[in-house]
Amino acid sequence: MTTATAFDTWIACRKPNPQARLRLFCFPYAGSGASIFRTWSDGLPADVEVCPVQYPGRGTRLMETPFTQIAPLIDALAQALEPLLDKPFAFFGHSLGALVGFELARQLRRQSGVQPVHLFVSADRAPQIPHRDGPIHALPEGEFLVELRRLNGIPGKVLEEVELMQIMLPILRADFAVYETYVYTTEPLLSCPISAFGGLHDHRVSRGDLEAWRDQTSGSFSLRMFAGDHFFLNTTQPLLLQMLSQELREAG
């Protein structure tokens, strides 16, 4: 059922802004939640309402079962967010979040003929590029932890917190399953502009991987690279928000 309660469940840290010209829905990377976007409204134009998306299994939804496949996740998002699509909207997603934003844009087009006014994809290869690495979501715990350490997305001190990791591991496995079991299907190009962001020292996603997003839109495309690795989102946030602000002022 699509109700205010439904989208309130999915959107966390939101500051409703009746005067907003545009809503920016933000999709987090694997293992994270809406809290990574909690300060973004302070760094973006006042007429942009930031809507951080909270997946099940974390934060305020810790007791809910996380999704392990992208199709049901996208279906649930499309239904829950519908009441918030009554004004122009844009999507920002980092890593797994970029894939979620892309597939949600395609689902909304199929479902109701609407699209975001801008799609921002960060630290993820274009969806038509096949996986290069083997899946890790089903590895034994020890091997899975080794891979997580190698990916450098979780501080070493957190990885050593046994009780905390017992809470996080099912979430991480589920999110990696969503990403690793994804199968790209060809559809007509999106018509909204796509802006891709990447880290200059990201060993997982190359500049070419990001450039390939150009092939997913009939609209304009831009690529900007930032200092940092796969998680430049956290280390160069002021500059990233400055770039987003410039793009959002022209959108809508």
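Among the residues of segment 236-252, those identified as assigned to a helix (DSSP H, G or I), open to solvent by less than 40 Å² (accessible area, probe 1.4 Å) and within 22 Å of K87 (Cα to Cα) are L241, L244, S245, E247, L248. Looking across segment 179-214, the residues that are of a type in the set (F, W, Y) and over 16 Å from M243 (Cβ atoms) come down to Y179, Y182, Y184.
If I ask for residues that are without any contact (Cβ under 8 Å) to a residue 40 or more places away in the chain and of a type in the set (G, A, S), which ones from segment 36-63 would you list? S41, A46, listed by residue number.
Of the helices (runs of 4 or more DSSP H) contained entirely in segment 127-211, those carrying at least 2 residues that are of a type in the set (D, E, K, R) and crowded, with 17+ Cβ neighbours inside 10 Å fall at 162-180. Of the residues making up segment 21-43, those that are surrounded by fewer than 19 Cβ atoms within 10 Å (Cβ to Cβ) and assigned to a loop (DSSP other than H, G, I, E, B) are R21, R38, T39. Please go through segment 83-98 and pick out each residue that is touching a helix residue (DSSP H, G or I) at 6+ places or on another chain (Cβ under 8 Å), in a helix (DSSP H, G or I) and either open to solvent by 10 Å² or more (accessible area, probe 1.4 Å) or under 13 Å from P28 (Cβ atoms) (or both). Result: P83, L96.
The values are calculated or read from the model by the stated rules, or taken from the named source; none is laboratory data. Fair warning: this is a prediction, and the values are worked out from it, not measured in the lab. In this analysis, Cβ positions are derived from the backbone assuming ideal geometry, glycine residues included, and neighbour counts consider all displayed protein chains. All accessible areas refer to the heavy atoms of the entire protein, side chains included, with ligands and DNA or RNA removed. Shrake-Rupley method; radii C 1.70, N 1.55, O 1.52, S 1.80 Å.
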